[in-house]
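Quick notes on the structure that follows.
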């Protein structure tokens, strides 16, 4: 298992619906954890890179109603 942590920017303001989506993200195969970043304009996702690619992570998050985009590398 190769653990990776990535930051994904939220496409909208954090509200109760997005918090519910964050909770649902924990049930996605290959994702070990999701937490709201500070300030709350992004989420930090820890996932198994041997099971998911970065594109698959974004796709999975979008499919559960979490509107995110990959953050550009710094």
Of those in segment 36-59 that are touching a strand residue (DSSP E or B) at 6+ places or on another chain (Cβ under 7 Å) and assigned to a helix (DSSP H, G or I), the residue nearest to residue 9 (Cα to Cα) is 58
When (1) assigned to a strand (DSSP E or B); (2) surrounded by 14 or more Cβ atoms within 10 Å (Cβ to Cβ) are applied to residue 33, the one that fails is (2)
Suppose we keep only residues that are in contact (Cβ under 8 Å) with a residue 24 or more places away in the chain and within 13 Å of residue 66 (Cβ to Cβ) within segment 1-15. Which one would you say is surrounded by the most Cβ atoms within 10 Å (Cβ to Cβ)? 8
Answer yes or no as to whether residue 18 is in a loop (DSSP other than H, G, I, E, B), touching a residue at least 40 places away in the same chain (Cβ under 8 Å) and surrounded by 13 or more Cβ atoms within 10 Å (Cβ to Cβ). no
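Can you tell me how many residues in segment 60-74 are free of Cβ contacts under 8 Å to residues at least 12 places away in the same chain and either closer than 14 Å to residue 24 by Cα or in contact with a strand residue (DSSP E or B) (Cβ under 7 Å, 6 or more places away or on another chain) (or both)?
Restricting attention to segment 60-74, the residues satisfying the condition of being free of Cβ contacts under 8 Å to residues at least 12 places away in the same chain are 62-63, 72-74.
Add one more test, that the residue is either closer than 14 Å to residue 24 by Cα or in contact with a strand residue (DSSP E or B) (Cβ under 7 Å, 6 or more places away or on another chain) (or both), and what stays is 62-63.
Qualifying residue count for the region: 2.
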When every residue in segment 21-35 that is touching a residue at least 40 places away in the same chain (Cβ under 8 Å) and touching a strand residue (DSSP E or B) at 6+ places or on another chain (Cβ under 7 Å) is compared, the one farthest from residue 61 (Cα to Cα) is 22
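Computed from the coordinates by the stated procedures, all read-outs in this text should not be read as laboratory data. These numbers were taken from a predicted model, which means no experiment stands behind them. When we count neighbours, we look across all protein chains shown, and the Cβ atoms used for this are built from the backbone with ideal geometry, even at glycine.
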